[in-house]
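*Asks:* Please find one structure pasted underneath; my questions will follow.
Quick note: the coordinates plus some simple rules give every number you see, no bench work behind them. These numbers were taken from a predicted model, which means no experiment stands behind them. Note that we place each Cβ from the backbone using ideal geometry, even for glycine, and neighbour counts take in every protein chain shown.
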Amino acid sequence: MFYISSQGHSASGWLSRALSMHPKIVCWHGTRSIPPYDSGENDISGKNFVEGLLQCEKGCQNGKIFGACHGYYGPQLKKTVEENNGTFLWIVRNPIKRVNSIFLAFAPRLLTYGLLPADTKNIDIYGLVKNHEQLINNKFNNYINDIQKNNNGINRIINYPNRINLVRGIKDRIKLISNNSSIRKKRMKYYNNNSDIDIDSIENIPDSEIAKKMIETFNKACKRTFFTDYDLHNACGMDGVIKMEKMTTSKEYYYDAVLSKIISKTVDNSYLDEVFNQKDHINVHDPKNKKENVIFNSWPESFQNHFINAWDKRRLDSLYSALEYEKPSL
């Protein structure tokens, strides 16, 4: 039994498919339930999830190894997994790339109060950012302070126990906010004005609202990236860490850092060839595959400052240096 912790946007889908291509392995993706519904549906505790994986193996007469990736129970699951002789691994990606990927994926959804799904295509998010750059820079600190105040209020209502449950807390927040009358009115007003939602209707959103949603999304992307890496590094050190960029480009690294930790038997080259013939290795959310410095330099100054402050606040230099991720400079 195994568990691979990831907040997503780090080739976790590719990895789950790669592992499940092995005849002895079943790897679920993005779930905290058994059977494997989408995360957020029929969720169970980490302890029960591990027990479920063990029972799946038992039901197969131990003929297959069961595991999961990217349900994000976080480091709290490490002890439970290892107490049951399982393998706990976790994925890290260059933080610039991961923040960029999360930002591009979720900006359309926040911009339209949930009317557009995550990963909506054909919307030039960075075009919107560029057109509102001055307003974003001018309003950034005020919006972040407002977001923090609102989050503190929601935290008191929800009272989820700790940062390890960050994703579950965020989903609870979304449900709470969705029932808020002012948000509901805004969503309905937006829908009435834009029954056919496309880039033109996005342009009809007030400038202040676009700036606010871009700031909110970028802030969420930074939190999701740095909180996750901090919690996992704090709990695991460098034990079980997987560098996403090497995992998707090197057969040797994939075998050494991932596969050999899960299954003791050697594999033939035909399996590895099949795995690396998958075309959607990386950059699903950012198909242009820009270099890190290009991405960072394309951000407004306020985004750059916020990113570096988040990096410094979490004290992640040792982790990122070990993985050869360079902190950008202003």
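*Asks:* Given R₀ = 45 Å, FRET efficiency for residue 324-residue 54 by Cβ-Cβ distance, to 0.05? The partial results should precede the final answer.
*Replies:* On the way: r = 37 Å, r/R0 = 0.81.
Using R0 = 45 Å, I get an efficiency of 0.80.
*Asks:* Further, regarding this structure: Could you order the peptides 236-246, 210-220 from most to least packed, using the average number of other C-beta atoms within 10 Å per residue?
*Replies:* The most tightly packed comes first, giving 210-220, 236-246.
*Asks:* Another question about this same structure. Quick query: amide H of residue 87 versus all other amide H atoms, modeled in the peptide plane; which residues come in under 5 Å with a sequence gap of 5 or more or a different chain?
*Replies:* Result for residue 87 returns 2, 3.
*Asks:* Could I ask something else about it? Could you give me the ³J(HN,Hα) list for segment 73-82, computed from phi with Karplus coefficients 6.51, -1.76, 1.60 and θ = phi - 60°, whole Hz, x at Gly and Pro?
*Replies:* Coupling constants for segment 73-82: 7, x, x, 4, 7, 4, 4, 5, 4, 6 Hz.
*Asks:* Turning to a different aspect of this structure: Can you list residues from other chains, or at least 5 along the same chain, whose modelled amide H is less than 5 Å from the amide H of residue 25?
*Replies:* Here 65 satisfy the definition.
*Asks:* In segment 213-257, if the dipole is taken from +1 on Lys/Arg beta carbons and -1 on Asp/Glu beta carbons about the Cα centre, which of 234, 254, 244 is farthest to the positive end?
*Replies:* The residue sitting farthest along the positive end of the dipole is 244.
*Asks:* Here is a follow-up. Would you please put 10-16, 301-307 in order of how densely packed they are, using the mean number of other Cβ atoms within 10 angstrom per residue and starting with the highest? Kindly include the intermediate steps, with their values, before the conclusion.
*Replies:* Details: 10-16: 23.7, 301-307: 18.4.
Ranked from most to least packed, the peptides come out as 10-16, 301-307.
*Asks:* Check residue 72: other-chain or 5+ apart residues with amide H under 5 Å from its amide H, H built from backbone geometry?
*Replies:* 6
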